[in-house]
1. Which residues, counting only those in the stretch 235-254, are outside any loop (DSSP other than H, G, I, E, B), over 33 Å from the mean Cα position of the chain (by Cα) and surrounded by fewer than 20 Cβ atoms within 10 Å (Cβ to Cβ)?
2. Just one of the numbered conditions (1) open to solvent by 20 Å² or more (accessible area, probe 1.4 Å); (2) within 25 Å of Gly338 (Cβ to Cβ); (3) assigned to a strand (DSSP E or B) is not true of Asp411; which one?
3. What's the total number of residues in the stretch 139-160 that are among the aliphatic types (A, V, I, L, M) and open to solvent by less than 30 Å² (accessible area, probe 1.4 Å)?
4. As an exercise: evaluate Gly347 against (1) open to solvent by 10 Å² or more (accessible area, probe 1.4 Å); (2) in a loop (DSSP other than H, G, I, E, B) and give the number of the one condition it does not meet.
5. Would you tally the residues in the stretch 416-463 being open to solvent by 30 Å² or more (accessible area, probe 1.4 Å) and acidic (Asp, Glu)?
6. Please specify each residue of the stretch 397-408 satisfying the condition of being open to solvent by less than 30 Å² (accessible area, probe 1.4 Å), touching a Phe, Trp or Tyr at 6+ places or on another chain (Cβ under 8 Å) and either without any contact (Cβ under 8 Å) to a residue 60 or more places away in the chain or within 10 Å of Phe426 (Cα to Cα) (or both).
7. What's the total number of residues in the stretch 255-291 that are surrounded by fewer than 21 Cβ atoms within 10 Å (Cβ to Cβ) and in a strand (DSSP E or B)?
8. With respect to Leu415, determine if the residue is more than 21 Å from Ser250 (Cβ to Cβ), in contact with a Cys (Cβ under 7 Å, 6 or more places away or on another chain) and touching a residue at least 24 places away in the same chain (Cβ under 8 Å).
Amino acid sequence: MSGFFIKSPSLGRKPKTQVGIKKKKAVKGAAGDVPALKRKRKQFKNEEIESDSEAEGDKETAKAESGSESDTEDETPQEKRLRLTKQYLAELEAQEREKKESDELLNDAISHRLHEEVLEQAGKLQKQVASDYQEPSLDDMHVLRGHQLSTTCLVISPDNKHVFSASKDCSIIKWNIDSRKKEHVIPGGRKGTENKHKGHTAHVLCLAISSDGKFLASGCRNKVIHIWDPSTCELLHTFKGHRDAISGLSFRRNSHQLFSSSHDRSVKIWDLDEMAYVETLFGHQDSITGIDSLTRERAITCGGRDGTIRIWKVVEESQLVFHGHQGSIDCVQLVNEGHFISGADDGSIALWSVMKKKPSCILHNAHSNSTNERIVDENWITSVGALQSTDLVASAGSKDGNIRLWQCGKDFKTLTPLFKIPIIGFVNALKFSNDGSMLVAGVGQEHKLGRWWRIKEAKNSIVIIKLKKKEQET
């Protein structure tokens, strides 16, 4: 037991070093040297990473990519459907936004067009275009010859590709505007061959074409109205009923209702869908010299030496009577549903409103070469034309050698001269194209209704005058 309390001889002494065992020293750069490793890592990071923001961006991108991949991989079918649904709804929303913007533009265009149509129906539309046109040069005028005698009337097709002209030689010619050549000729026949000849055998005084280009109507001194197919120039029907020369023809716009006027002082209405006569209107006290119509079921006529212009309201079975010229009123043209222009053999042209019985504006000696209104030239107004629903009108002064273009003032209360177009001969007809790109004149050596004068230097022809706007100058 005593040995239990005896101290161990190793206590209090230094332990002896074991033979063959040496203490390891820290080697510089070894794996166990932690401070050296840290310094190297810091130096490595300073060399490779230029900025903390780039590092953070790369980390965020990597996290986002890994996050999205992990989210896509980890999402359940229900979450996937929800994600695709949100994506589809976002695409639909973008499409609807684009559609809404395009619809707004379309609605603006439609509302503008509807507003114009409302004004046009009310007779208040007046587009300001007259001041945009420049005076045409000789290069803008093209003379097409084909008639043997004076050209008396003409019409332009609704598509502005063809012109139909008629003459004292009883023929009708279809012209191609682009090629400036004849496409078809309906020859005139001799007097006494009415039963054999498919065409006119007397002076053709008037032409009209429907707004859809389906029917062409022609009237002559033989009291008959022929209806033609404009595309083939085949005769479709012949109307008889007037007791004197047919002086004017006009189709109601957007319909096949035809108005005809005659030297027998009557106006007749025809239905071309049924090829039937409808009714006759009476009121003028002298030969009717011209007629025109637009969209409404009404027509306007001038009564020559009875000194009146009449608007025939077919539905109301009434008429409006207008006075203003001192001489025979030989031509009339509607500018819009509420205003019209007329010309007389006293050399005056007048602007009218359907709401007033007297002209809003009248110019005496409109084609006179003299500044003194008391000096009356023998230049009566043989024809007038209007670019519909605008402020641009034209007039021809018999044999004065000029077509004059005018600008209508506000509310059609003034007429301002724009420029003159030189023409040698009697200008018996004037027509603007629907788009205002040209004015076509029917020219002859004689007046369409007589042989009071004969200008030998003139050419029996039609003249196509190209109208250019000032911004189109080249």
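The values are calculated or read from the model by the stated rules, or taken from the named source; none is laboratory data. Not measured: the values here are computed from a predicted model. Ideal geometry is used to build each Cβ from the backbone, glycine not excepted, and the neighbour counts take in all protein chains shown. SASA here: full protein model, heavy atoms, side chains in, ligands and nucleic acids out. Shrake-Rupley method; radii C 1.70, N 1.55, O 1.52, S 1.80 Å.
1. Looking only at the stretch 235-254, we keep the residues that are outside any loop (DSSP other than H, G, I, E, B), and these are 235-240, 246-251.
Adding the requirement that they be over 33 Å from the mean Cα position of the chain (by Cα) leaves 238-240.
Those that are outside any loop (DSSP other than H, G, I, E, B), over 33 Å from the mean Cα position of the chain (by Cα) and surrounded by fewer than 20 Cβ atoms within 10 Å (Cβ to Cβ): Thr238, Lys240.
2. Going through the list (1) open to solvent by 20 Å² or more (accessible area, probe 1.4 Å); (2) within 25 Å of Gly338 (Cβ to Cβ); (3) assigned to a strand (DSSP E or B), Asp411 breaks only (3).
3. Here is the first cut: in the stretch 139-160, the ones among the aliphatic types (A, V, I, L, M) are 141, 143-144, 149, 154-156.
Subset that is open to solvent by less than 30 Å² (accessible area, probe 1.4 Å): 144, 154-156.
So the answer is 4.
4. Only one criterion is unmet by Gly347, namely (1).
5. Going through the stretch 416-463 one residue at a time, the tally reaches 2.
6. Within the stretch 397-408, the first condition is being open to solvent by less than 30 Å² (accessible area, probe 1.4 Å), and the residues that meet it are 397-398, 400-403, 405-406, 408.
Still in the list and also touching a Phe, Trp or Tyr at 6+ places or on another chain (Cβ under 8 Å): 397-398, 405.
If the condition is that a residue be open to solvent by less than 30 Å² (accessible area, probe 1.4 Å), touching a Phe, Trp or Tyr at 6+ places or on another chain (Cβ under 8 Å) and either without any contact (Cβ under 8 Å) to a residue 60 or more places away in the chain or within 10 Å of Phe426 (Cα to Cα) (or both), then Gly397, Ser398 are the ones that fit.
7. The qualifying residues number 12.
8. Values: more than 21 Å from Ser250 (Cβ to Cβ): yes; in contact with a Cys (Cβ under 7 Å, 6 or more places away or on another chain): yes; touching a residue at least 24 places away in the same chain (Cβ under 8 Å): yes.
When the stated conditions are applied, Leu415 passes them.
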